[in-house]
Structures are given as C-alpha cells and as structure tokens.
Amino acid sequence: MRPIRAASLGTATALVALLACAPVAAAAATSPHPAHDKGKHRVITLTGELRQQTAFPVNTNGPAAQGDRTVFRSELFDQNHRSVGETNGTCTTTRTINGGAEVCVVTYTLPGGQLSVQGMVFGNLNPGRPPSFDNAITGGTGEFDRARGSVHADTIGVGMRRFTIDLYL
C-alpha cells in the first residue's frame, strides 16, 4: 500500500504536467474562438417582462445575507412584441458587501429548444435600477444543441429587460 503523501505527490505532479501542456495546445489554435468556427453565429434580441418572482431570504426580516435566493419567471417577446417564450431561473446571493453579487442559473425556452445560461450579477444590492450583466450560454436542446455564447441583459423599465443573445451553434 502506498503512503497517502506519496499518492498525493503523484497526483499533484500529473496535474501540474496537464496544466503546463494546456497553454501550448490552446496557443496552437488559429482562431480566438476555434469552437465557434465550426458552426453558425446568430444574434437574437428579446424583451423579457417579469411575470412571477419569489424571494427566499435567509433573514426573514433582516438584511440581505449570503444564501438569499430569488426564483423568477419572465415572458419573452420579439421585436414585434409577440410572445416567443420564457425564462425560468434562480439567483443566489454570494456576497452582500460592495454592492452585492449573485450567481444565477436560467433556462430560456424558445421556439426550437432551450438555452441554459449561468453566471454572476454584480451590484444587485445597490439602490436604483438593476445592473446590466453578461452570462454564459452553457448548452441547449433542440436546434440549440451544443450552443455556446453569451447573453447580455439591460434593464429597460420596471420588471423589463432587453436580452441580446450572442449565439454560436
């Protein structure tokens, strides 16, 4: 039986070797986004209107706390204000100082499939209009299978956001 210390050293050495080779492989690519070159690029602009939101605070009547959670649903509209889908998601507070921060996981349900999106929102505890943010597209279903890219969100009114979906398929 190998001592634990020796086993850990072998694992650490293998990890260092793997990480040392990663930049070389990445530098060999000719495009800054080689995965994006294999598919098509689409930009979708939608407006979201908040339809339902429930807060689950850690401190029921107290200040914001790490672990506070919000669950929400928004209806999505195209540029002609036709309903085209919805968002469903949850955000969890991870920081309550310096304006706050939360991590969000959201599913965009659209004609043709779903997009999975996640990322951070900073400044969510600051007074005034909610901040803009950018989150990563981490996958999808249907015509969005293997989707990658990002979603940029801007608050455009009370309970309203404009979503710019920069999508690589």
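The values are calculated or read from the model by the stated rules, or taken from the named source; none is laboratory data. Being a predicted model, the structure only gives us computed values, none of them experimental. Counting neighbours? That spans all protein chains shown, and the Cβs are built from the backbone with ideal geometry, glycine included. Just the protein is used for accessible areas: all its heavy atoms, side chains included, with ligands, DNA and RNA removed. Shrake-Rupley method; radii C 1.70, N 1.55, O 1.52, S 1.80 Å.
Before moving on, here are some points about what is shown:
- Computed from the C-beta positions of residue 158 and residue 75 and an R0 of 25 Å, the FRET efficiency is 0.95 to the nearest 0.05.
- Rolled with a 1.4 Å probe across the full set of protein chains, the surface gives residue 110 an accessible area near 20 Å².
- Linear extension gain, residue 42 paired with residue 83, 0.36 nm per residue minus alpha-carbon span: 12.8 nm
- Simple spin-label estimate for residue 66 and residue 169 in nanometres, 7 Å along Cα-Cβ: 4.2 nm
- Put simply, when 154-165, 66-77 are sorted by average Cβ atoms within 10 angstrom per residue, most first, you get 66-77, 154-165.
- Straightening the chain between residue 49 and residue 95 buys 13.9 nm, computed as 0.36 nm per residue apart minus the Cα-Cα spacing.
- Sequence-distant residues sharing a close amide H with residue 125 (under 5 Å, placed H): 100
- Extension gain for residue 145 to residue 59 (0.36 nm times residue separation, less C-alpha to C-alpha distance): 27.0 nm.
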